[in-house]
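This report concerns only the one structure given below.
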Amino acid sequence: MEATIVILIFAGSALLTALVLLRLRRKKRLSEKQGTNGREDALERIVLLRNQFPAPTDQQACDRIESEVRAVSRHFSMSTSIAPQKVYELAADLTKEIAGIYYPVVDNPVLQASISDLLRLNERIVTRLNLKVREFPLNTVKDINIQKILQGKDYYDSKIKNKIEWFKKYKILYKVGTRAWLSYNALNPWYWGRKIAYTSAREITFRYLLTWIITIVGEEAMAVYSRRDINTHEVAFERDLAFAMVDMAHTNKDISKETYAMVLDHVLNKARLSDGLRVNVLRALTVNGPKGMFVPKGVYTEKQAKRLLENVNRVAAADGELSPENRSRLDALKGALDSVSNNGTPT
């Protein structure tokens with residue numbers, strides 16, 4: 001008996017170590033995938049919102065979104081649900097809370113949005129989530145055929161479940177069989193390894209999806225109830241374009257007056273850029289020192305990608321002939337844009 005307990009403890013320790021290593025490997029792989037594709041995570045997106053909109057109400061809304069994201073990430077459970085009803089309730093509750101931040105003295109702040117506002121809100125959320133499931137790790141499960149899932153359930157119902165129901169009629173036999181099966185699996189670390197590996201993979205995917213649902217719903221709710229365009233597709237692109245131009249300007253150690261004038265003219269004459277965003281772009285322009293290469297934050301149309309590259313090229317050529325650093329940065333940007341261009345579907 002003592003030897004069996006020692007074996008179980010040893011097997012459990014080995015299994016726990018293997019699971020920790022598996023989790024670290026998955027996190028590293030996810031990080032590498034995101035880095036390769038230029039994707040940001042949900043918390044990085046919230047940081048971007050904070051920098052873009054410094055007003056107290058906006059900061060409070062960002063706090064609420066971040067709180068929900070962290071709650072999902074840190075929830076000690078292996079049974080995260082993405083059932084449509086639960087996801088809908090989560091999104092509806094978050095929208096109500098954000099509406100209350102912008103309309104604190106109104107009895108029902110959600111009703112401060114028009115029908116048109118809410119229809120556009122729903123459309124933008126669906127569009128952005130459709131783009132999100134094209135990315136790793138969601139792209140590994142998004143194309144699973146629903147018919148196969150139903151066929152698997154039908155097989156379970158007709159074969160396995162019926163046998164279980166038959167055994168349950170004979171309680172003693174069912175009880176003995178259940179205990180025998182549990183005893184066998186308790187001594188079989190491979191069973192628990194497969195079971196926990198599958199559960200952890202499913203859990204990581206579900207949580208990743210939920211954090212992005214929360215972030216996107218929260219961000220779009222801010223757009224509606226703050227009466228500003230936070231992340232309409234055009235505004236998001238104009239924001240990225242401005243920061244890409246700033247990034248290219250900082251490729252050279254000293255920014256010339258011609259380069260300054262070109263970036264300033266672009267930023268100050270774009271109606272879609274909010275005053276707060278203009279300030280942040282100009283602040284980034286005046287910070288000394290080279291910046292890291294600009295990474296596209298969304299999926300652009302072919303026309304948008306071409307326009308972004310043309311404007312960045314104008315900044316690179318503002319002083320005359322392109323330097324080797326400019327050419328290298330332009331080539332890298334072109335490659336990054338090719339990887340996120342979606343041939344016509346707006347971000």
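Please determine, by comparing only the residues of region 293-322 that are modelled with pLDDT of 80 or more and of a type in the set (S, T, N, Q), which one is nearest to Arg128 (Cα to Cα).
Gln304
Which residues, taken from region 45-75, are among the small types (Gly, Ala, Ser) and closer than 12 Å to Glu97 by Cβ?
Ala61, Ser67
Testing Ala332 on (1) buried (at least 17 other Cβ atoms within 10 Å of the Cβ); (2) under 28 Å from Arg128 (Cα atoms); (3) modelled with pLDDT of 80 or more, one condition comes back false. Which one is that?
(1)
Look at Arg134 and say whether it is modelled with pLDDT under 75, of a type outside the set (Phe, Trp, Tyr), part of a helix (DSSP H, G or I) and assigned by TED's automatic domain parsing to the domain that holds Glu68.
Spelling it out, it is not the case that Arg134 is modelled with pLDDT under 75, of a type outside the set (Phe, Trp, Tyr), part of a helix (DSSP H, G or I) and assigned by TED's automatic domain parsing to the domain that holds Glu68.
The values are calculated or read from the model by the stated rules, or taken from the named source; none is laboratory data. No experiment lies behind these values; they were computed from the predicted model shown. Here Cβ is always computed from backbone atoms with ideal geometry, including for glycine, and neighbour counts include all displayed protein chains.
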